[in-house]
Amino acid sequence: MDLNDPSFEELLDALHDGVYITDAAGTTLKINRAYQRLTGLSSDELVGRNMQDLVREGVISQSASLRVLKEGKPFSVMQSLGNGKQLLVSASPILEADRRIRYVVSAVRDMTELLRMKHERDELQQLKQLRSSTAQLHAGPRDDLLHSPLVASQEVAGAVFALARQVAASDVKVLLQGETGVGKTLVAQFIHNASARAAEPFLSLNCGALPEHLVEAELFGYAPGAFTGASAKGKRGLLELANGGTLFLDEIGDLPLALQVKLLKVLEENRFIPVGGLELKEVDVRVITATHRDLRRMVAEGGFRADLFYRLNVVPIGIPPLRERREEIRPLLDYYLEHFNARHRRALQWSLEALDLLLDYPWPGNIRELINVVERLVVTCAGAHIETLDLPEECRAGLLPAEGADLDLRRIVERAERLAIRQALQRHKTTRLAAKALGVSQATVVQKMKRWERSD
């Protein structure tokens, strides 16, 4: 094979892929035009140069030709060039009659665009999985509740959601304040759904659920190998993944001071640098925050940055605890009973006595506790009605007045009457027989039942 034959050179230059030929010592003999186009390296720079020198000088990252010369068989490598291109180099030996290597011929293909597309596809798949898992995390009864009349049917809830709908029209910062379990995530999701960003992702992070370095990594992402245990590919943070949408930071009061500085910069400049990275990333994200803590007191005590507090607290929305929204308890109980009946294929109903106790219960865990209690009752109740004895012990604590508590004689008598009439109806089936067993008229039983139905 005459490498200097004009016809051979013309054939090489007609190829779309690059061609690189060395001799048995690894010295460059010939390259074609496609290789020069792919790499930006000229024939004058390479011909006559040994591959070991080119690798040592950093002209190429690694040589497939040298591996073929060492191992005597075809070899492929991914080669990185100084201009950022990624090349797939597949080298094969050309043998003499005595099986010694005469030449090494490498076919070179530009993989930069293909790898970029694969990387984008992988990132898109990760983003889809994250959005899907986040949607599942926030799905369930609360997702249906967003679209039900219940959120606006009560005076207090109606006022909260009316304000939430009003602020949703702009990107103004919102700080949701209230006890754990009052529904801050629900309100944040409502704001997102009512905003112009509704079609974009809604992602959330509990700032108190992870150690400081993991919160930083989740929020800002990290460069490849940024810390021990980090992915070799790096990771995009929630700020970047939520670009165009909404990021909900729950328990913002638990965010470490060092990260408060970094978050403040994002809010002011809409850009950040990932952990261990050098590239500045710009984002367009609406940030909604929530806390159960007194941030003003934390600012005064030095536990929270004043500049970040005022940046976040443009529109504060206070969500009262459920014990201050008693008119919502019955609709919520009925709503979640229906939901969990459908989920667990039950048809349970409330008994009047159990319902009375649940309406009087202070619900220290707020809506989250109410949801858990209702699902527990649907799963564990053996009868067709949820009775007093089916309730958790803490809910039954109000069955009798606690020692030293204020006594409301009317409520005590009414509760006793309900219990007696309920038991008589279960035993005798009709109001006439129940009234006879109780020693009162049928009209009395019917009137009391109607009055209770109206009050419920």
Item checked: Peptides 427-433, 205-211 ordered by average Cβ neighbours within 10 Å, highest first -> 205-211, 427-433
Notebook entry, point to check: Under a 5 Å amide H to amide H cut-off, with H placed in plane at 1.01 Å, what residues pair with Ile101 once short-range neighbours are removed?
Noted result: Glu96
Item checked: Descending semi-axes in whole angstrom, ellipsoid equivalent of segment 6-110, from the Cα gyration tensor -> 20, 17, 13
Notebook entry, point to check: So how compact is segment 329-399: Cα radius of gyration and Dmax in angstrom?
Noted result: 10.9, 30
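Read the figures in this text as sums done on the coordinates, not as results from a lab. Values in this document were obtained by computation on a predicted structure and should not be read as measured data. With ideal geometry, Cβ positions are generated from the backbone for all residues, glycine too; neighbour counts draw on all protein chains shown.
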